[in-house]
């Protein structure tokens, strides 16, 4: 499935109210498909996707969660160990935007994260294709992000495939920035990857089957 | 080369013992090269090696199979082995906990679950064992226990003498003080009924009859006993004294009353006779029949005769007619005479003749003839006697009798038939008075009897003493009461007495059996009916009390059963009756526990039964709750308390099923167990739900970061889940409780609140999984730390930590299987979580493992730093791989398939597909990640080998001419390491290793080349490297390895090129050019046409023409000629290089010149020979001829023929120019700065490229 074992593995969790398009976002990103009539997610869904940033490949392990309240106990166990958290709302749904705070708190609580300003959150305003029904302005988004110390936000449309790739790239870049900062501050042993250790492309070797006589 | 190989082979032979498992490939290669050196012995060995890997593989496969087949077994095996290894003392599982379990079970338990290595489990206090196998063991134990109990119950129910000792013991433990409760109960009932009784007593007082009168009456009856059965056995005196005792009459009074009774006239007794039927009467008429009737009279008074009706033409008449015959003197030897007659109606002779046709047989004819003769002679007719029966009155008992009597006829021996008669005595008393007297008598006598004999409650079942019996029978007989009347009287009196002194319920049910029918048929007078219902009202509370107190401990289970049976029979009889209007059968003041609904009189027996059952259960439960209240207020204490409670309830239901359910259903059609269950499930739900939800919510969240599990100490981690085991034990208890309900009431179980019990535990499970990961990581760390990196045993190639890690997984799996989580959606999510967690643990394990072996195998001394592949490394890799291999079967065992199928049913196939997809992804991801970890580790190993190899390679290349053995050492080094890897690793990982080795080798060599080109190493340096590489490839590379290593093949080519002498290198350039030109379809430089052939040892060439030559001169044309070279130049050094004439100013010159180039046969045989046609533009001065273009013709394309050139086809060759300065060959030449030849060639080469 994953071509290169030297890729960095990143666990991404997508959170947000039911119906804001989390699964669509993931499906658009991973398989470039969009299903207008997709169902509610049951519990969680999981997909893998490689992404290239600045010549390095990252394998994103994306956990898409069910937004409905009744799934709460089912999704929260998956938060722990996440590298990136995508907080999602729909721009035509004010309440989903208001719930971002709740989602952030829920994530911080269950993922067991101490310094939340160190964690790469990214806020995604989905359904940017239906601007006519917009209820959340870009300004509101920025304000909220500023208040919460979140630096990455983007408006996407899973339907139009606009900004979807970019959103994930943005997320990984954000992660990279924080990671670099952490590396500088303290030389923490990182058990997921060692980027510096080896480069050079993977090639399972061996010359044909010619025998020299 | 020869020397080298020879040396190698020698070394090989001497080293043979050491590297027994050298490689097939290498050996093959060597054998092919140096057959002479290979002895037959070594061939054999090689063959055996060839077989070995397969064998090894099969073995491993087998191991895996066995392992998968029986995990428990594997577990045992592994654990026991480890025990041996570590020689640790056994942990005996918490003795006190299992103290009550029979020793066999305990022993079994220990064997099934041999204590694991104490050290690992101690890390977390046996966390996983608690939830996994111990958990299961406990469940199994409970089940066995239940089963045993069930069997016991069944035994008891089957009325085999039960082994009650242990049963009771057990019960006593649970319900230590139930006994005391029963007394309480007794008083309660009596207080309930006090009111009623008092009223009855008053009743008694106000009845006209006083005791003395009754007593006198009894004395009178004793004096005038009737029937055969009394006076002989029990003397009058005995009866008198008994009566005096019973009625508590003083002697004076007695004598006075006796005197009075004696003075009274003897009673007018009647003999009641019922002529019921006769059978097999002798025929008296000509038609073979008789027309029988019976005449009866007393012997003393034979004039007073009674006749029955005549039954016509029958030999088996039924009369059922009653007669009362006054008896004059009771003491006489009087007899009742019964005569059966054939009625003969008055008929004339003529009428008799008319019967002729009805005559049957000869006998009948004779009779008719006789009759006719008789009638004809005396003109009159006569009834004919069939037979007589005589009954002496003294044979008739006081209670009467029903008997068949055979009929006799004087001087006839043969049987005349039999007659059935009922005979009894009676007097002409008022029925009402007699009944009343009887009731009082019964009451007084019974109370007296109970007082004197001290019968236990519920035991008296109608057995009076002979005296009492005699008195009562006499009264009944002398009053002429019917059995039904007597029954009603008894029923009423007994019911009354029952209130103060409980009597056997069998007594009532027996009486009811006799009363129900007459009641239904309205054969009982209104007053009696009223009395009956009043009595019933008094009786019922105690009946329901029995049902309510069904759990009351008695010394005799069988008796309890019997009691309940009788009670139910009573209820059933009453159910069959229509309650008279305006009767309140269940007054509220008595039935306080009854859930009364509605306004009307509450007479729903069924509902009352239900209420009684539920109330009984409720009382019992409250009692338990009050008396067993948990002293331990901790979570664990409370949970244990609930587990026990559910256990008790389950036992109760179980018992109710075994004992009573069938009874209730069969007798009153009431579903006892179901009714109980409905009550209990609600109760359990309300009790447990808030508690469990609360505990789950308060389970301490674990604060940890997966990456730094080392920082956590064991102390702070113990607490959060201390309640966990109990929590899940409770879960299982409730689960089994629910299963019980599903079996008990399949129709209703969906509506039970308890059905969704798992939701209470939801948070707990999620939390558990979360904590389990942390615990697992911690334990893995410890396991790796303790791993000595030695094989667990000889048959497997992994070490203890792998086993430990897998046992963690196994425990998680067992835990999950035990949960048997009913909800599909959450099951799916939990499985995803478990798989993800397992993946995380596996990766963590891989990291820990590689960290552990890092640094192993490094040797350093003053001369060198060396790395040797060690068994530890291989074990580490195998361990990880072993863990990886189990991932997939593990996930299958979690029951995914089942869950997906359920989602398909519950949701939609699309949803199911998505879930399946997610699970597949998670699994694939897990396996992939671990596999990558293995590759990473393999790379580390190989990279550790690289420096040594590099050094040896360089040494070898530099020093080989000085007879160095560094190549040998290199081969040995690689051989040793690869041997170890091959021996220890499985095929897949070994092949992976080989791939990485080649990759590394390619990279290393390239590095060496680059580095040494700059150092201007001689071609021989590279040639040596090239030879070494080929040797290695030939030796170690497996022929079936089809993966291509680009780096290696490129490196090989580089080595080859750089290893060439300059001449050869130049030719290589030309060959390359020839290949490139041949690919060109069209050329901008033009085209030349030639004819070439070999003839003998000569090359014959005809240069025909050229076309479209590129303009070289300023005039737009060119002055071209063609020179012919034969290449490689150094091999054709003595050969002419002929050229054509120059054709001026044309781009289409016609040369038409033929040349013969004489070469030797050896030269002709040069395989890669080339003919180069070099087309040049003649410079005016002739010094600086410019290249227009070149064309190559390889020897291989030149035909060998005797035909003249003219007959051959023209060969058109596109002209080309060298284009690249960056090819490997050119670069190699450029590196040979000191080489004149190379320098010159390059200079020319650049000219040939043109401007």
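The values are calculated or read from the model by the stated rules, or taken from the named source; none is laboratory data. Bear in mind the structure is a predicted one, so any value in this text is a computation, not a measurement. Positions of Cβ are generated from backbone atoms using ideal geometry, with glycine treated the same way; all protein chains shown enter the neighbour counts.
Counting the residues of the range B:505-537 that are touching a residue at least 60 places away in the same chain (Cβ under 8 Å) and either buried (at least 22 other Cβ atoms within 10 Å of the Cβ) or more than 53 Å from the chain's Cα centre (by Cα) (or both) gives 5. Go through the range A:142-167 and give me each residue that's touching a strand residue (DSSP E or B) at 6+ places or on another chain (Cβ under 6 Å) and within 17 Å of residue A:51 (Cα to Cα). A:163, A:167 - these are the residues of the range A:142-167 that are touching a strand residue (DSSP E or B) at 6+ places or on another chain (Cβ under 6 Å) and within 17 Å of residue A:51 (Cα to Cα). Would you check which residues across the range A:148-168 are part of a helix (DSSP H, G or I) and either within 18 Å of residue A:95 (Cα to Cα) or touching a residue at least 60 places away in the same chain (Cβ under 8 Å) (or both) and list them? Result: A:164, A:165, A:167, A:168.
Listed here are the residues, each with its yes/no results for (1) within 13 Å of chain B (Cβ to nearest Cβ); (2) surrounded by fewer than 19 Cβ atoms within 10 Å (Cβ to Cβ); (3) touching a strand residue (DSSP E or B) at 6+ places or on another chain (Cβ under 8 Å).
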{"position": "A:14", "(1), (2), (3)": "no, no, yes"}
{"position": "A:19", "(1), (2), (3)": "no, yes, yes"}
{"position": "A:26", "(1), (2), (3)": "yes, no, yes"}
{"position": "A:29", "(1), (2), (3)": "no, no, yes"}
{"position": "A:33", "(1), (2), (3)": "yes, yes, no"}
{"position": "A:41", "(1), (2), (3)": "yes, no, yes"}
{"position": "A:47", "(1), (2), (3)": "yes, no, yes"}
{"position": "A:87", "(1), (2), (3)": "no, no, yes"}
{"position": "A:92", "(1), (2), (3)": "no, no, no"}
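Among the candidates B:881, B:905, the residue that is within 14 Å of chain A (Cβ to nearest Cβ) and at pLDDT 85 or above is uniquely B:905.
Within the range A:126-144, is even one residue closer than 30 Å to residue B:699 by Cβ and modelled with pLDDT of 85 or more? If you could, list the steps in order and put the result at the bottom.
Residues of the range A:126-144 closer than 30 Å to residue B:699 by Cβ: none.
Scanning the range A:126-144 turns up no residue that is closer than 30 Å to residue B:699 by Cβ and modelled with pLDDT of 85 or more.
Would you check if residue B:940 is modelled with pLDDT of 80 or more and surrounded by fewer than 20 Cβ atoms within 10 Å (Cβ to Cβ)? In short, yes.
Within the range B:749-767, being out of contact with any helix residue (DSSP H, G or I) (no Cβ under 6 Å at 6 or more places or on another chain) and buried (at least 18 other Cβ atoms within 10 Å of the Cβ) holds for B:758, B:765, B:767.
Kindly evaluate residue B:306 against the criterion of being assigned by TED's automatic domain parsing to the domain that holds residue B:337, surrounded by 13 or more Cβ atoms within 10 Å (Cβ to Cβ), modelled with pLDDT under 85 and not in a loop (DSSP other than H, G, I, E, B). Yes; evaluated as a whole, the condition is true for this residue. Look at (1) at pLDDT 85 or above; (2) within 21 Å of residue B:770 (Cβ to Cβ); (3) more than 9 Å from every other protein chain (Cβ to nearest Cβ) and you find that residue A:57 fails only one, number (2). The set of residues in the range B:817-846 that are part of a helix (DSSP H, G or I) and closer than 18 Å to residue B:739 by Cβ comprises B:817, B:818, B:819, B:824, B:827.
Scan the range B:822-829 and tell me whether some residue there is away from chain A (no Cβ under 14 Å) and at pLDDT 80 or above. Yes, that holds for at least one residue.
Selection of the range A:126-140 for residues being part of a helix (DSSP H, G or I) and over 20 Å from residue A:24 (Cα atoms) yields A:132, A:138, A:139, A:140.
Yes/no per residue for (1) within 14 Å of chain A (Cβ to nearest Cβ); (2) crowded, with 17+ Cβ neighbours inside 10 Å; (3) touching a residue at least 40 places away in the same chain (Cβ under 8 Å); (4) not in a loop (DSSP other than H, G, I, E, B):
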| site | (1), (2), (3), (4) |
| --- | --- |
| B:1054 | yes, yes, yes, yes |
| B:1057 | no, yes, yes, yes |
| B:1073 | no, yes, yes, yes |
| B:1090 | no, yes, yes, yes |
| B:1111 | no, no, no, no |
| B:1125 | no, yes, yes, yes |
| B:1137 | no, no, no, no |
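Residue check: is residue B:367 modelled with pLDDT of 65 or more, on the phi < 0 side of the Ramachandran plot and either part of a helix (DSSP H, G or I) or outside the structural domain of residue B:294 (by TED's automatic domain parsing) (or both)? So residue B:367 passes the test.
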